[in-house]
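Structure first, then comments.
Readers should treat all values here as calculations from the given coordinates under stated rules, not as data from a laboratory. This one's a predicted model, so the numbers in the text were calculated from it and none came from an experiment. Virtual Cβ from ideal backbone geometry, glycine too; neighbours counted across all protein chains shown.
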Amino acid sequence: MNAEIISVGTELLLGHTVNTDASYVARELSAAGINLLYDCTVGDNPERLRSAVETALGRSDAVITTGGLGPTGDDLTKETVAACAGRKLVRDEESMRRLKRYFQGRFLGESQKKQAMLPEGCTVFQNGCGTAPGCGFRSANGKLVVMLPGPPSELIPMLRESAIPFLLRGTAGAAIVSRIVRVFGLGEGYVAEQIKDLCDGTSPTCATYALTDEMFVRVTARAESAEKAAALCAPVVKDLRRRLGEFCYGVDVESLEDAVVRLLAERRLTVATAESCTGGLLAKRITDIAGASGVFHMGVVTYANEIKTKLLGVPEDMLAQHGAVSPQVARRMAEGVRENAGASLGVGITGIAGPDGGTQEKPVGLVYICLCDGENAWVRRMGAAPGKSRGWIRHMASSNALDMIRRRVLNLGGMETAAYSHERGMH
């Protein structure tokens, strides 16, 4: 099946809103084995949208539109697409009931009610995160048409739960299973080279994706049943874990912090954090995870030197001799917070996140991260990061801290090796 995406919205053309919808839909189509041939963006103009839809219906098997389903005057996607596809709009009673429940006790105007007007005979995709339903149907010339709302919080679940199954319905090998192999400490380019033979396969397929400071490999198989598709994925996932070794931190986990919280809970270990340049980001990432209360004891942000001394016991003469950004201070921060909290593990982070404050001896991007367990302490050093933003440096520092916790719990070693090297593609 060959597909085409049409993103609707003048704000996308003007650059006021980044079109993340198209990239997300493209990835999901690829994972489902659907070929994406074209992707275009059209402003809120009925004539230009009509032209784009007519072209798409003439050359693609499936057309997916995003945006323009809401209640405002410039939300014209349904009217235009339905007319091009030879379908009239009729009121969907279930969608209207949902709108009335949503607006109970508030004014429900005609502009809101028009969201319940959908192409006759379509499959309705109810919206659990907003008011505008999506839908799927066949055009007069037999092409599949899917319309999705624009907000990512509404589009993403609707695409996964309704639109992709609709597109695959009635086709051979319609069951799709994807596994996510997550990696920290290796860059996307490096990993792609190491698994090139796996990426050349057709089922399962392997594809690499880069994130802010990590990457993942998506393994996808298509078969006549979910069980058979999962069986196809299993040996490839096993091979990936073997090749990537200690840099693979989990399969089908949401994030590095998710994996770390799970590990700490399994081993009945606790952690406390003392942060300077990261401003509490490490503590936030840990406590974002459900169940963190069972493993996280305390987090402090000690920006000022006198607070490092007062709360964590960092000696004044140590600060005077080595400076706040030093391995010695990072170690004392980790030890101090662990002792104060009575935790199994303590983490200390101190550095220069920029954009100002760096010197030749201590450049922007220099961060020291220490993990201690009461008997041993390990310090990881992040070096200069020219061109990187303050946010990137802070996030990378917190990720390195999480990686150190993971490695200590699993006794992997590599505690003092920063995930920031050109050799492994991290840059």
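Close lysine pairs were tallied over the chain: pairs 8 or more places apart or on different chains with Cα atoms under 20 Å apart number 14.
In the range 124-264, the convex hull through the Cα atoms has an average projected area of 10.8 nm², a quarter of its surface area. Anisotropy class assigned to the range 256-410 is oblate, per the alpha carbon gyration tensor with a/c at or over the 1.5 cut-off and a/b no larger than b/c. Result for the chain in a Gaussian network model with C-alpha springs under 10 Å: among L108, L99, L159, the largest mean-square fluctuation is at L108. Distant-in-sequence amide contacts of G187, defined by a placed amide H-H separation under 5 Å and a gap of 5 or more residues or a different chain, comprise G425, M426. Simple rule: put +1 on each Lys or Arg Cβ and -1 on each Asp or Glu Cβ in the chain, find the dipole, and look at G67, M215, H322; the Cα lying farthest toward the positive end is G67. Working note: Debye formula, equal point scatterers on the alpha-carbon atoms of the range 340-398, no solvent; log10 I(q)/I(0) at q = 0.12 Å⁻¹ is -0.33. To the nearest 10 degrees, how steeply does helix 20-31 sit against the main Cα axis of the chain, on a 0 to 90 scale? The helix 20-31 is inclined about 80 degrees to the chain.
Applying both filters, DSSP loop and at most 14 other Cβ atoms within 10 Å, to the chymotrypsin sites (Phe, Trp or Tyr not before Pro) of the range 52-113 gives F103, F107.
For the range 282-382, GluC sites (Glu not before Pro) are listed when DSSP marks them as loop and at most 11 other Cβ atoms sit within 10 Å of their Cβ; the list is E361, E375. Taking every C-alpha pair closer than 8 Å and separated by at least 6 residues, the mean separation divided by the residue count of the chain gives a relative contact order of 10 percent.
Using a Gaussian network model of the chain with C-alpha springs under 10 Å, which one of S51, S203, S162 is most mobile by mean-square fluctuation? Ranking S51, S203, S162 by mean-square fluctuation puts S51 first. Reported value for the range 318-427: 106 Å³ per residue, from the convex hull of its C-alpha atoms. Centroid-to-centroid, using Cα positions, the range 1-20 and the range 215-239 are 31 Å apart.
Charged side chains reduced to their Cβ positions (Lys and Arg at +1, Asp and Glu at -1) give the range 290-427 a dipole of some 380 debye around its Cα centre.
Over 13 Å, how big is the tail of the calculated P(r) for the range 303-353, in percent of all Cα pairs? Counting pairs separated by more than 13 Å, the tail of P(r) holds 51 percent. For the chain, DSSP calls about 60 percent of its internal beta bridges antiparallel. Counting beta carbons within 10 Å around each of W378, W392 and listing the fewest first gives the order W392, W378.
For the chain, the 222 nm mean residue ellipticity estimated from helices alone, with every DSSP H stretch of n ≥ 4 adding -39500 (n - 2.57) and the total spread over all residues, rounds to -11000 deg cm²/dmol. For the range 175-251, dividing the convex hull volume of the Cα atoms by the residue count gives 72 Å³ per residue. When M382, M117 are arranged by Cβ crowding within 10 Å, least crowded first, meaning fewest neighbours, the order is M117, M382.
Pair-distance distribution of the range 37-85: all C-alpha pairs, bin width 5 Å, starting at 0; shares per bin in whole percent are 4, 21, 37, 25, 10, 3, 0.
The share of Cα pairs per 10 Å bin across the range 368-424, counted from zero up to the longest distance, runs 23, 52, 21, 4 percent. Take every Cα-Cα distance within the range 220-342, group them into 5 Å bins from 0 onward, and report for each bin the whole-number percent of pairs it holds. Spelled out bin by bin, the range 220-342 gives 2, 10, 15, 15, 13, 12, 10, 7, 5, 4, 3, 2, 1, 0 percent.
When all alpha-carbon pairs of the chain are counted, what percent fall beyond 28 Å? Within the chain, distances greater than 28 Å cover 59 percent of Cα pairs. Sorting 320-332, 291-303 by average packing, meaning the other beta carbons within 10 Å per residue, from highest down gives 320-332, 291-303.
Magnitude of the charge dipole for the chain, about its Cα centre and with charges confined to Cβ atoms of Lys, Arg (+1) and Asp, Glu (-1), is about 660 debye. Any chance you could give the angle, 0 to 90 degrees and rounded to 10, that helix 93-102 forms with the longest Cα principal axis of the chain? In the chain, helix 93-102 runs at an angle near 40 degrees to the longest axis. Within the listed set G351, G280, G73, the Gaussian network model of the chain (springs between alpha-carbon atoms below 10 Å) gives the highest mean-square fluctuation for G73.
The protection proxy used here, the mean number of other Cβ atoms lying within 10 Å of each residue, ranks peptides 239-252, 125-138 as follows, highest first: 125-138, 239-252. The range 45-84 and the range 117-148 have Cα centres separated by 12 Å. Judged by the gyration tensor of its Cα atoms, with axes a ≥ b ≥ c, the range 1-114 is prolate; a/c meets the 1.5 cut and a/b is the larger of a/b and b/c.
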